[in-house]
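Asks: Okay, here's the structure, questions in a sec.
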Amino acid sequence: MIPVTLRITLTIAVICYFILILHYLKNKMLELKYTLIWLAAGIIMGVLIIFPELLSAFIRLLGIESNMNGLFILFFAFVIMTLMTLTSIVSRQNMKIRILIQELSTLEKRVRELEKDKD
């Protein structure tokens, strides 16, 4: 069971987390589609603060004896999933940039050829 003071502190931290995410979204520091990952993480954190026995039940279901070990494993899994998602986003952006550079180079070559023909 989580002590009351810790539960209050964690609740305040999650509320600050949501305020920060919404601030980033409002100031266009994050796009909505990328913000959904962080909002989902905040919702899961909030649910686990309100119902900590869900975490214990899930950890026992996985066959892990210690709550701290289970929490560490779940945290590590979340970090890995987040890194995979962000790596996927970066890879797609890299491909788009490469295509744009190729198209720009082609257009610049055409412009130079047209300017040469004009002279």
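Asks: How far, in nm, would the chain grow between residue 62 and residue 41 when pulled straight, counting 0.36 nm per residue and subtracting the alpha carbon separation?
Replies: Values: separation 21, 0.36 × 21 = 7.56 nm, distance 2.03 nm.
Here the segment from residue 62 to residue 41 would lengthen by 5.5 nm.
Asks: What net charge is computed for the residues neighbouring residue 47, neighbours being all others with C-beta under 14 Å from the C-beta of residue 47, Lys and Arg scored +1, Asp and Glu -1?
Replies: Details: positive: 7; negative: 53.
My count for the surroundings of residue 47 gives 0.
Asks: Using 15 Å as the cut-off for backbone N distance, which residues of region 75-117 belong to the label zone defined by a point 7 Å from the Cα of residue 28 along Cα→Cβ?
Replies: The answer is none.
Asks: Can I ask one more? Given an 8 Å cut-off on Cα distances and at least 6 residues of separation, report the relative contact order of region 1-90 as a percent. Mind dumping the intermediate values first?
Replies: Numbers: 31 pairs, mean separation 23.1, N = 90.
Relative CO of region 1-90 lands at 26 percent.
Asks: Using R₀ = 35 Å, calculate the FRET efficiency as 1/(1 + (r/R₀)^6) where r is the Cβ-Cβ separation of residue 112 and residue 88; round to 0.05. Please report the intermediate quantities before stating the final value.
Replies: Values: r = 37 Å, r/R0 = 1.05.
Here the calculated transfer efficiency is 0.40.
Asks: What does the convex hull of the Cα atoms come to per residue for region 72-119, in Å³?
Replies: Working: hull volume 1.6 nm³, N = 48.
Convex hull of Cα atoms, per residue: 33 Å³.
Asks: What shape does region 4-48 have by the C-alpha gyration tensor, where a ≥ b ≥ c are the square roots of the eigenvalues, rounded means a/c under 1.5, and otherwise prolate means a/b greater than b/c and oblate the rest?
Replies: Values: a/c = 5.40, a/b = 1.97, b/c = 2.74.
Since a/c reaches 1.5 but b/c is at least a/b, the shape of region 4-48 is classed as oblate.
Asks: Calculate how large, on average over all directions, the projected area of the Cα convex hull of the chain is; give the answer in nm² to one decimal. Intermediate values should be presented prior to the final figure.
Replies: Working: hull surface 42.3 nm².
Reported value for the Cα convex hull: 10.6 nm².
Read-outs: derived from the displayed coordinates by stated rules, not from any lab. Fair warning: this is a prediction, and the values are worked out from it, not measured in the lab. Heads up, the Cβs are rebuilt from the backbone with ideal geometry, glycines too, and the neighbour counts pull from every protein chain shown.
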